[in-house]
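Take a look at the structure below.
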Amino acid sequence: MKKVQIKICGITRAEDARLAADLGADALGLVFFHGSKRHVSLEQAQQIAAVVPPFVQLTGLFVNAHADTVYETLQQIPLNLLQFHGDETPEFCRQFQRPYLKAVRVRTDSDIEQAFADYADARGILLDAWVDGAYGGTGQTFDWQVLPPSLRGHWILAGGLNPDNVAAALAQTKARAVDVSGGVEAAAGIKCPRKMADFIAACRGVTA
C-alpha cells in the first residue's frame, strides 16, 4: 500500500523547513501571496530553499499573481511545483512550463468535477474549503461527503486539517495526499514541532 503524501504549507523559517523534512514531509509550501499571514519574501524563500533536502518537493503558492511575478520567483527560487490558489485560467497555469497544482474552494461536487475538467494537465487538484473572500489558509474544513465516490486523477485534501482530525479525514475520503498549514502551527507562519510530528505520525498510521 502506498503511503499518504504530506505537504506542509506556509513555511516561513528555515528551521521549520528542516524539521518538517526530517520528520518525513514530502513537500513544503512557500506562500508568495502578500495577502497571507504566511507570506515570504524572496530573501526568506532563498534561505528556506537552501536547507530543503533534494527529494523534498518545494512548492510556491500564488494567488492571482502577475505572470512576471511568477517568472521572477522561478528565476530566484528552485521551485519544483507551482500552486495556484486564485482565479487563474488553465492557460495561465501552464505557461510556466512547470508542474502545477490548482486549488479549488469546494462548495459542491460540481466544483470538483469542473476543476478536473478545466485543469486536466495539472499535476493535481487541491481541494480546500470555501470561505467567502479568502484564498486558503482559513483553518476551515469543507463537507467531505460532497466528494464524488470515484475521483479520477490526482488530488490533495486540504482545509482545516490537524493532528486530531487527519486520520478520520483520510479514512472517510480515501485521500492519498494531504496539505496542512495552520493545523500544525504555534502562531501564523511559525510551525509547532510537536504538532508537525503528531500530524505526520497520524498520516503514516494510515495507508492510502
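The values are calculated or read from the model by the stated rules, or taken from the named source; none is laboratory data. The structure presented is a predicted model; accordingly, all values stated were derived computationally and were not measured. Methodologically, a virtual Cβ is constructed for each residue, glycine included, from the backbone with ideal geometry; neighbour enumeration extends over all protein chains shown. Accessible surface areas use protein heavy atoms only, side chains included; no ligands, DNA or RNA. Shrake-Rupley method; radii C 1.70, N 1.55, O 1.52, S 1.80 Å.
Brief remarks on what is shown
- Dipole of the chain computed with +1 at Lys/Arg Cβ and -1 at Asp/Glu Cβ about the Cα centre; of A45, L79, P193, farthest Cα towards the positive end is P193.
- Per residue value of the accessible surface for the chain (all protein chains in place, 1.4 Å probe), Å²: 48 Å²
- The charge dipole of the chain, taken about the Cα centre with unit charges on the Cβ atoms of Lys, Arg (+1) and Asp, Glu (-1), comes to about 660 debye, rounded to the nearest 20.
- Distance violations [Cα-Cα > 24 Å] among K102/K195; K7/K191; K3/K37: K102/K195; K3/K37
- Antiparallel content of DSSP bridges confined to segment 5-205, in %, to 5: 5 percent
- The chain - Rg and Dmax from Cα coordinates, angstrom: 15.7, 43
- Net +/- balance of residues flanking C93 in space, Cβ distance below 12 Å, scoring K and R +1, D and E -1: -1
- Net +/- balance of residues flanking A45 in space, Cβ distance below 14 Å, scoring K and R +1, D and E -1: -1
- Carbon + sulfur, % of accessible area of segment 5-205 - ligands and nucleic acids excluded, 1.4 Å: 48 percent
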